Each structure stands twice: as C-alpha cells, then as structure tokens.
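Novice: Have a look at this one before I ask anything.
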Amino acid sequence: MSTLQFNGDVFEPFITEEQIQQKVRELAARINEDYRGRVPIFIGVLNGAFIFLSDLVRSVTVDCEIDFFKLSSYGDAKISSGQVRMLKDLNCQVTGRDILVVEDIVDSGLSVDFIRKIILRENPASLRFVSLLVKKGLPKIDFPIDYVGFEIPPDFVIGYGLDYAQKVRNLRTIYRLAKTTDTGGTR
C-alpha cells in the first residue's frame, strides 16, 4: 500500500482492511458472549461510526436493535472544536434496555462523555461503549471504553468512516498523517 495525498497533506497506511476486519470479528465475539440471551440496542454515532457499526452488527449473532446519534465537534477541521452539538437525537427508548454506544474513534472523550450523560438520564439497564480506535492518553473521561479495537498514538487518521472535511470515509484502510507534515492537532 502506498501513501495517499489529500487536501495538501500526505497520509501513510496505518491499519489495513484485514486488521480492521479481524478486530471487528474479535469485538463481535466478545459482545456475543457478554450479551447472550439479551437484546442490546447498538447506538452508532454519525457520521464516522456507520461503517464500523455496519460491519460489527453483521458479525454479531445476538438479536439487537440499532439507532443513531449525530453529533458535531469537528466541522471540517483536524482539531475538535471542544464543543459537542447534538444534530440528531435517538428514536428509541433506552429506559431499562442494554445500550452499546458505537464510536469510530475516542480522542478527547468529549463526545462519549456527552452521550453518556444523556443516556444515563434515561435509566438504561446497562451502558457500554465500543470504539474501533482510542487515542492513548488523550481521552479525559472517568469511565472505561469497554470494547476497544485499537489503541493508537495521537495521530490524525482517516478512512473506514473517519473523514477529513467530510471526505475519504470510504477508504477501506485507515491512514495516518505522515510524520513529515504538521498535524495541526489531533483526531
């Protein structure tokens, strides 16, 4: 695999499609075991998590439901604005239900903390978080991400749902900003 140029930046392959799919199967196996005999609601965080959520639920064998939040904290930038805004709320009732929030990436932790507070007000039976990527040392949260695909350094990454100015989500491989360029922050 070769480097990719986008928006004047150079990106290098970081996590291959095969590595991603293997990790999705591993996470699904853990969820299948943990939720045997239950019907969790998977809540994807749009837009980034839709590809990961799609692959994950197709690998899960327990009955489940799906809903979505849509949040904004980046806009078109490589750095989080620090402000989380709700763009789409849930359609499902979470009271008394097992909830699995599915994220593409946890970096600052602002989005998952925001979601956690909203869902806990509704008294779910349980609440757990699944994230394909977690940036080492960056999340400032006081609760665990229960299912983590990959812990990664604080590099800017794109592909497999992760965007740059709303583009390149469709890449099957995850790329990271090459070390030779200025990162302009994290994501």
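Novice: Between SER72 and GLN21, what length comes free when the chain is fully extended (0.36 nm per residue of separation minus the Cα-Cα distance, one decimal in nm)? Can you show the working numbers first?
Specialist: Details: separation 51, 0.36 × 51 = 18.36 nm, distance 2.67 nm.
Gain on extension, SER72 to GLN21, equals 15.7 nm.
Novice: Continuing with the same structure: Count the lysine pairs in the chain whose Cα atoms lie under 20 Å apart, taking only pairs 8 or more positions apart in sequence or on different chains.
Specialist: 15
Novice: Run the numbers for PHE143 and MET1: contour at 0.36 nm per residue of separation, minus the present Cα-Cα distance, in nm.
Specialist: Values: separation 142, 0.36 × 142 = 51.12 nm, distance 3.66 nm.
So the chain would gain 47.5 nm between PHE143 and MET1.
Novice: Right, next: Among (i) 14.5; (ii) 10.0; (iii) 13.1, only one was calculated for this model; which label is it, if the read-out is mean projected area of the Cα convex hull in nm²?
Specialist: (ii)
Novice: Say each of GLN166 and CYS92 gets a label point 7 Å from the Cα, pointing the same way as Cα to Cβ; how far apart are those two points in nm?
Specialist: For GLN166 paired with CYS92, the spin-label model returns 2.7 nm.
Quick note: the coordinates plus some simple rules give every number you see, no bench work behind them. Source: prediction; values computed, not measured. Please note: Cβ atoms are built from the backbone with ideal geometry, for glycine as well, and neighbour counts cover all protein chains shown.
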